[in-house]
Amino acid sequence: MPVPAAVERVRESAGPDATIAHAPGSVELLGETCAATGGMLLATALPASVAVALEPNDSGELTVISAKTGEETSLPMPDSVPEAYPAEVTAVAAAIVALQHTMHLIPRTDSGITVRWASNIPGGRGLGEIAALQSAVALAANARWGDRDDVPTRARLAAALHEASAAHYGAHWPLHPYTAALRSRPDSVLTCNHSDEAVTQTPRPDNLALMVAYSPDITGASPQVERHEFFAEACSAFGVPTLHGLPEAQPRVLEWVRARREVNPDDDAPTVGRATQWLDDASGCSDRARAVSAHLRHGDAAAAMAGVAHDVSVRDTAPSCDSPLGRLVEALDGFDAVARCCPARGAAVVVWAHADDADDVEAALRRGGSVMRIEGTDAGDAVDSPFQG
């Protein structure tokens, strides 16, 4: 795999003692994003990355520098995720907290750390740029201070980064972008099973093309925080890590909702009807992700696309016709292709197409916006470190 362009940008200003690493963005392809349901999710890494150059400094502070703009921010080495800083600074600080205080990977000394970063992941599109930045910091720290780089280590890094970030951003913060950034195999689709945290990787079939398309406008909405919080509260109430581990989960959760509302009609629990809809939606979406994963393993692109199209129809995840993104995907009329909104609804779409039509589909989409072909993907890695063997 070629060295990402973001790596060259941080190399330009990094010192000779810096450890440089990169990690890719990612996108959800299909499935249930809320881990508390214990459902299935399909995701993939993207051919766009964040790169960092990490090195100790003598100031005792964490200094974060944008290699693109030169903007520099310094703060005391964090014991917890700080507030009121730019998004990238907060993300790096959260990664440092996870790596120093949870993983004990970064030594606790009087030294500070300087992190230079650069990215070619489109921002604000739901493409995992924050997770990629944090994962790149983790890979650089592991190359510098760690004693191994293997699947269990990367799984622990992903879990620690996610835990620190979810504590700051909220329970809706997903795990799969870290998994994709740290553990992807070349040109593979990851099937993430939230019930047992297993990850199965399937090579993308040669007859399938995947793309991310977006208009010049950023019109995405916030994630479904209320729904995620409800699932997390239900798991806590029943003492299970995911609803998959709760026998007869749906009727028991609905009875719990009824009881809460009977005791206190002003309780912030959803109505029984809404809770039923959320549970049905999560279960159905997870089942469709499982089916599409099987089609991908068998190389059946047509069946996989049909499964995605059904999910789009059932869940209404196509962009609205009068939105900038909806007008962009009008270019797909006449093609056998499926467009599905990314989690940041309306900000970007994933397009599934037959490989034979890929060039024409990409050209049609480029007339109204930007397109990223999802190919040449892989997990992140350290590329320059004076401590690598």
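Taken along the Cα-to-beta-carbon direction at a fixed 7 Å, the label points for E12 and D58 span 2.8 nm.
Hey, got a sec? Which trypsin sites (Lys or Arg not before Pro) in the stretch 292-389 land in a DSSP loop and have at most 10 other Cβ atoms within 10 Å?
When the trypsin sites (Lys or Arg not before Pro) of the stretch 292-389 are filtered for loop state and at most 10 Cβ neighbours within 10 Å, R367 remain.
Normalising the average separation of contacting C-alpha pairs (under 8 angstrom, six or more residues apart) by the number of residues puts the relative contact order of the stretch 23-71 at 34 percent. Accessible surface calculations at 1.4 Å, restricted to protein heavy atoms, place the stretch 1-72 at 35 Å² per residue. Using a cutoff of 8 angstrom between alpha carbon atoms and counting only pairs six or more residues apart, the relative contact order for the stretch 225-288 works out to 25 percent.
How many angstrom lie between the C-alpha centres of the stretch 250-315 and the stretch 145-208? Measuring centre to centre over Cα atoms gives 22 Å. Across the accessible surface of the chain, with the other protein chains kept in place and a 1.4 Å probe, carbon and sulfur atoms take up 48 percent.
Gain on full extension, evaluated as 0.36 nm per residue between E226 and A84 minus their Cα-Cα distance, stands at 48.7 nm. Placing dummy labels 7 Å off each Cα toward the beta-carbon, the span from L75 to T271 is 4.1 nm. Label separation (D149 vs Q201): 1.4 nm, computed from points 7 Å beyond Cα along the C-beta direction. The value of relative contact order for the chain, using C-alpha pairs under 8 Å at least six residues apart, is 25 percent.
For the chain, what is the calculated [θ] at 222 nm in deg cm²/dmol (nearest 500), taking -39500 (n - 2.57) for each run of four or more DSSP H residues and dividing by its residue count?
Values: 11 runs with 147 residues, N = 389.
Value at 222 nm, helices only, nearest 500: -12000 deg cm²/dmol.
Normalised per residue, the accessible area of the stretch 171-290 is 49 Å², obtained with a 1.4 Å probe and no contribution from ligands, DNA or RNA.
Here L254 and S320 are evaluated by their C-beta separation; at R0 = 30 Å the FRET efficiency comes out at 0.45. Quick one: Debye curve from the C-alpha atoms of the stretch 242-317, no solvent, what's log10 I(q)/I(0) at q = 0.24 Å⁻¹? Each listed q corresponds, in turn, to -1.03. Treating each Cα of the chain as one equal point scatterer and applying the Debye formula with no solvent, the log10 of I(q)/I(0) at q = 0.09 Å⁻¹ comes out as -0.54. Using alpha carbons only, the radius of gyration of the stretch 1-155 set against its Kirkwood radius gives Rg/Rh = 0.97. Evaluate E = 1/(1 + (r/R0)^6) for D359 and D281, where r is the Cβ-Cβ distance and R0 equals 45 Å; express this FRET efficiency to the nearest 0.05. Once the sixth-power term is evaluated, E becomes 0.80.
The values are calculated or read from the model by the stated rules, or taken from the named source; none is laboratory data. Not measured: the values here are computed from a predicted model. So basically every Cβ, Gly included, is an ideal-geometry build from the backbone, and we count neighbours across all protein chains shown. In case anyone asks, the SASA skips ligands and DNA or RNA and just uses the protein heavy atoms, side chains included. Shrake-Rupley method; radii C 1.70, N 1.55, O 1.52, S 1.80 Å.
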